[in-house]
Amino acid sequence: MTDPSAGTGIDGPVLVAIDGPAGSGKSSVSKQAARRLGFGYLDTGAAYRALAWNALERGLDTSDAVAVIEAAGDFDFAISLDPDTYWVRVGAVDVTEAIREPRVTEAVSGVARVAAIRTSANALFRALVAGSGRPGVIVEGRDITTVVAPDAPVRILLTAAPEVRAARRSAELTTQDAAAVAAALHRRDASDSTVVDFLTAAPGVTVVDSTALDFEQTVDAVLDVIRAGIPVQTSQTGASDVL
Ligand SMILES: Nc1ncnc2c1ncn2[C@@H]1O[C@H](COP(=O)(O)OP(=O)(O)OP(=O)(O)O)[C@@H](O)[C@H]1O
Ligand SMILES: Nc1ccn([C@@H]2O[C@H](COP(=O)(O)O)[C@@H](O)[C@H]2O)c(=O)n1
């Protein structure tokens, strides 16, 4: 069930929803756009990754829904919404780097396919936005435009051609074989897209295709969509303008 006020900005921060496949630029572009707006930034994939990390640390089978639910039982998750100081913690452990390890990336889809986990995660995401203390939060993931915040005033599907996404990811992971990196990325998209649809834009969702754009051009394209969608008070007369 969705919170009827989620994303409207009436009772809390404005929510900007961004979805897209692996390597489309969701986290890097959202983080930079949030900085430019003074907004918070919420990386929802980090929650699924941290839970996968927790399960692996405990030696649990991440393809077993019962084991995954067990791992979620004492899961003490915390994340920064500050785009300038990003961190992720499980209990006292800083897992910001550890959740990017290939073993976690391989396991995360198994964790994310468990319906009970998704329900709890979505409630957590809405609570984090509501308590952010920011005028707005850019929330990125796979089902933000459709499930977490379908009523958000700005909803974007950020995409790029599969070979371009694979090349960008491969450029980050220079110690790994490029073909293996591309195969892992496409395998994860195939698995994740059986659970939620982030490859086609739902009605009302704006597509930003970064295939032919560089990073800054993509940030600007996303900011254009946000500014077009969010009216804010800019004068003491109460006149409405855009960011
Ligand atoms: N328009 C762009 N042009 C060039 N490089 C880009 C562009 N957008 C993003 N990148 C780079 O592509 C890589 C992947 O981006 P990022 O990690 O933000 O993707 P993502 O969608 O969050 O991926 P994942 O879902 O796997 O976490 C990063 O190195 C980022 O700097
Ligand atoms: N809204 C979301 C966000 C993420 N997932 C799952 O988490 C994995 C990691 O996400 P990244 O954005 O860090 O790559 C992703 O592969 C999905 O399995 C999700 O299901 N819903």
Q | Pairs with Cβ under 7 Å, 6+ apart, first in region 98-118 and farther than 14 Å from residue 46 by Cα, second not in a helix (DSSP H, G or I) | A | 110/62; 110/63; 113/195
Q: Within region 144-183, work out how many residues are acidic (Asp, Glu), within 13 Å of ligand 1 (Cβ to nearest atom) and in contact with a strand residue (DSSP E or B) (Cβ under 8 Å, 6 or more places away or on another chain).
A: 0
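Matching residues to (1) acidic (Asp, Glu); (2) away from ligand 1 (no atom under 12 Å from the Cβ):
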position: 185; (1), (2): no, no
position: 197; (1), (2): yes, yes
position: 210; (1), (2): no, no
position: 214; (1), (2): yes, no
position: 219; (1), (2): no, no
position: 222; (1), (2): no, no
position: 228; (1), (2): no, yes
position: 231; (1), (2): no, yes
Q. Is it the case that some residue within region 24-37 is out of contact with any helix residue (DSSP H, G or I) (no Cβ under 9 Å at 6 or more places or on another chain), away from ligand 2 (no atom under 16 Å from the Cβ) and small (Gly, Ala, Ser)?
A. no
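Kindly provide the set of residues from region 198-222 that are closer than 17 Å to residue 145 by Cα, crowded, with 17+ Cβ neighbours inside 10 Å and either without any contact (Cβ under 8 Å) to a residue 40 or more places away in the chain or of a type outside the set (Val, Ile, Thr) (or both), ordered by number. Reasoning before the result, please.
Going through region 198-222, the residues closer than 17 Å to residue 145 by Cα turn out to be 198-209, 222.
With the extra rule that they be crowded, with 17+ Cβ neighbours inside 10 Å, the set shrinks to 198, 201, 205-206, 208, 222.
Once the filter is applied, which keeps residues that are closer than 17 Å to residue 145 by Cα, crowded, with 17+ Cβ neighbours inside 10 Å and either without any contact (Cβ under 8 Å) to a residue 40 or more places away in the chain or of a type outside the set (Val, Ile, Thr) (or both), region 198-222 yields 198, 201.
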Q: Please verify whether region 161-169 includes one or more residues that are free of Cβ contacts under 8 Å to residues at least 40 places away in the same chain and of a type in the set (Lys, Arg).
A: no
Q: List every residue pair whose Cβ atoms sit under 7 Å apart, with the two residues 6 or more apart in sequence or on different chains, where the first one lies in region 63-78 and is without any contact (Cβ under 8 Å) to a residue 60 or more places away in the chain and among the polar types (S, T, N, Q) and the second, anywhere, is in a helix (DSSP H, G or I) and loosely packed, with under 14 Cβ neighbours inside 10 Å.
A: none
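Just checking: which of the strands (runs of 3 or more DSSP E) contained wholly in region 1-109 hold 1 or more residues that are touching a Phe, Trp or Tyr at 6+ places or on another chain (Cβ under 8 Å), within 12 Å of ligand 1 (Cβ to nearest atom) and at pLDDT 95 or above? Please lay out each step first, then the result.
On the way: elements: 14-19, 40-43, 77-79, 88-90.
Of the strands (runs of 3 or more DSSP E) lying wholly inside region 1-109, those with at least 1 residues that are touching a Phe, Trp or Tyr at 6+ places or on another chain (Cβ under 8 Å), within 12 Å of ligand 1 (Cβ to nearest atom) and at pLDDT 95 or above span 14-19, 40-43.
Confirm whether residue 141 is more than 13 Å from ligand 1 (Cβ to nearest atom) and not aliphatic (A, V, I, L, M). Even if it seems obvious, please write down each step before you answer.
Details: more than 13 Å from ligand 1 (Cβ to nearest atom): no; not aliphatic (A, V, I, L, M): yes.
For residue 141, the condition - more than 13 Å from ligand 1 (Cβ to nearest atom) and not aliphatic (A, V, I, L, M) - is not met.
The values are calculated or read from the model by the stated rules, or taken from the named source; none is laboratory data. None of the values given here were measured: they were computed from a predicted structure. Glycine also receives a Cβ, built like all others from the backbone with ideal geometry; neighbour counts cover every protein chain displayed.
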